[in-house]
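The values are calculated or read from the model by the stated rules, or taken from the named source; none is laboratory data. Note that the coordinates shown come from a computational prediction; the quantities given were computed from them, not determined experimentally. Reconstructed Cβ throughout: ideal geometry from the backbone, glycine too, with neighbour counts over all protein chains shown. To get the accessible areas, we keep the full protein, side chains included, count just its heavy atoms, and leave off ligands, DNA and RNA. Shrake-Rupley method; radii C 1.70, N 1.55, O 1.52, S 1.80 Å.
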Amino acid sequence: MLNARRVSILSAFALAAALAVAAPAVAQTPPMPPAIVASGHASITRAPDQAWVSIAAEARAAEPAAAQTQSAEAMTAVRKVLAGAGFAEETIRTTEYSLRPNVEYENGRSRVRGYIARNEIEVRVDDLTKLGRVIDAAGGAGATSMSGLRFDLKNRADVEREALKMAVEDAMARARAMASGAGASLGPILQVVEQGARSAPVPMARMTMQMAEAAPAPPTPVSPGQLDITADVTVHVSIR
């Protein structure tokens, strides 16, 4: 019995040794080469050449159908003015339409005093010289409010790529300066990472205009200002 137990133990050791020899060696991750990490920034300033403005026609009436009709008539007049100014259908999109009760609260109780219909569109203006005229014409045609004026570049993607290129050049210049200070020279680039997400068209101004019966206003002045397109990157460069 003792000999049989010894044979069993020896067999187990032999099996373990055989498995250890047969098992593949665990892959070792090669050490990272010495490297420099540098950040780069770039900013490009451009005058905007495109704008968007939101125009709304809101109507109140005792009955919902009457509120809808009045709002529709006002927006139809606004769209007619825009078409006459040369704005194609593809430059206009509806961004909101709502019909809701006008609720009044008194002594803890509510009652419906009528209905409010609202129709809102967003107009893309590709010629900024027309922007002031669009605002004035829409107000005169029956728009009850305007808001959300924002500016952008038609070729924003091209300018963003140019800013990225400049940011990488800035980062590499910084990496060369650091390597020189450390008595080293740069090797291959290991990684380039863009920091942050690209933004949507940038709001340059906030405009809210409530239309009311009043004397004719002077032409609306609009100043587009400037846009700053920025880029930030981080580069990892090996040194030797």
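Pairs needed: first member in the range 65-85, closer than 13 Å to GLY142 by Cα; second member anywhere, loosely packed, with under 15 Cβ neighbours inside 10 Å; C-beta distance under 7 Å; at least 6 residues apart or different chains.
Listed pairs, sorted by first residue: none to list.
If you go through the range 144-161 one residue at a time, do you hit one that is open to solvent by 20 Å² or more (accessible area, probe 1.4 Å), at negative phi and part of a strand (DSSP E or B)?
yes
Consider only pairs whose beta carbons are under 9 Å apart and that are at least six residues apart or on different chains; among these, list those whose first residue lies in the range 177-190 and is more than 19 Å from VAL233 (Cβ to Cβ) and whose second residue is not hydrophobic (A, V, I, L, M, F, W, C).
ALA184/PRO34; ALA184/ARG240; SER185/ARG176; SER185/ARG240
Does ALA182 qualify as being more than 30 Å from VAL125 (Cα to Cα) and modelled with pLDDT under 95?
Values: more than 30 Å from VAL125 (Cα to Cα): yes; modelled with pLDDT under 95: yes.
For ALA182, the condition - more than 30 Å from VAL125 (Cα to Cα) and modelled with pLDDT under 95 - is met.
Among the strands (runs of 3 or more DSSP E) confined wholly to the range 42-141, which include 2 or more residues that are more than 30 Å from THR234 (Cα to Cα), among the aromatic types (Phe, Trp, Tyr) and open to solvent by 40 Å² or more (accessible area, probe 1.4 Å)? Outline the logic, then answer.
Values: elements: 50-61, 92-106, 109-125.
Fully inside the range 42-141 and qualifying: 92-106.
Assess whether ALA12 counts as being at pLDDT below 55, open to solvent by less than 80 Å² (accessible area, probe 1.4 Å), out of contact with any helix residue (DSSP H, G or I) (no Cβ under 9 Å at 6 or more places or on another chain) and over 30 Å from VAL81 (Cβ atoms).
yes
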